[in-house]
DNA sequence: GCTGAAAGCCTCACGAT
DNA sequence: ATCGTGAGGCTTTCAGC
């Protein structure tokens, strides 16, 4: 599962993070490799766990999720928390972290009533503090080898 | 730029969020549409801004980013903040939010010295408080029509 | 990692519902 | 307006080198 990454791999990762549906032919053209060579490298990056998947990115607002928020949640029983997260589709991100608050959640809701419904589920487990997202300045920033 | 989404679109969004590199033939097979029909729907979802892109997902740890953190940053001059974010590739997410802290950043660094370097850049703008990510329970949770 | 051939995919035009 | 069918061109993939 470990792997040595060279310059080709770095450029491949950059291109596929920018456009995951790019053809292997086009990708090869951009990094100056033949289609079979670049396809084999991509296959190895997937097998090594460097590339974990390919995902379409959807605009929450376009689906009617007018409000996005980051919610801090205090110390709560781990299993109870993961169960509640698993049962809540509005949670788009969930991290267990160090600090006074043990959890940070990223949520998407349609309106204030919806926000209240989601927060109520987590208020039952621990104290919450909610920060409404005003502007998303960066998201899914591309990662390159250090 | 507005659009009515039916059951087909919902299933298409679910499939492409799970695997963005799926062929239109396979996608059509799964939602019970012909390849041209499903390709036309995907094209319209892109044009309407519902699908904003397709991205390969990379494991930070596999690239050597052993530490991920969520950093809260207090009130800072907006332009100064966006400039610093733009100049810092370690910032994988950046949100301007309501509350006592005006910003929440998601960062990926290789070690503690690297963490210090990144935090120092933002400490110059406002007070920061850093929460190291212990476990990622959910990330890029799929969004479906409400 | 490259080349070449076979299989599969994408996309266009066109006809049907 | 939207779907399905079929042909042509491109992409992917497997040998062999």
Inside segment B:28-39, can you point out the residues that are away from DNA strand C (no atom under 13 Å from the Cβ) and within 13 Å of chain A (Cβ to nearest Cβ)? none
Only one of B:20, B:39 that is outside the structural domain of residue B:114 (by TED's automatic domain parsing), within 24 Å of residue A:144 (Cβ to Cβ) and either more than 22 Å from the chain's Cα centre (by Cα) or not in a strand (DSSP E or B) (or both): B:20
Taking segment A:40-51 as the search range and keeping residues that are more than 8 Å from chain B (Cβ to nearest Cβ) and surrounded by 15 or more Cβ atoms within 10 Å (Cβ to Cβ), which one is nearest to DNA strand D (Cβ to nearest atom)? A:42
Inspect segment B:19-27 for any residue being within 12 Å of DNA strand D (Cβ to nearest atom), surrounded by fewer than 18 Cβ atoms within 10 Å (Cβ to Cβ) and more than 12 Å from chain A (Cβ to nearest Cβ) and give the result as yes or no. yes
Give me a count of the residues in segment B:57-75 that are assigned to a strand (DSSP E or B) and more than 7 Å from every other protein chain (Cβ to nearest Cβ). 6
With respect to residue B:54, is the statement that it is assigned to a loop (DSSP other than H, G, I, E, B) and either closer than 30 Å to residue A:145 by Cα or within 16 Å of DNA strand D (Cβ to nearest atom) (or both) true? no
State the number of residues belonging to segment B:65-116 that are free of Cβ contacts under 8 Å to residues at least 60 places away in the same chain, surrounded by fewer than 21 Cβ atoms within 10 Å (Cβ to Cβ) and closer than 16 Å to residue B:136 by Cα. 3
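The values are calculated or read from the model by the stated rules, or taken from the named source; none is laboratory data. This is a predicted model, so every value here is computed, not measured. Positions of Cβ are backbone-derived with ideal geometry, glycine not excepted, and every protein chain shown enters the neighbour counts.
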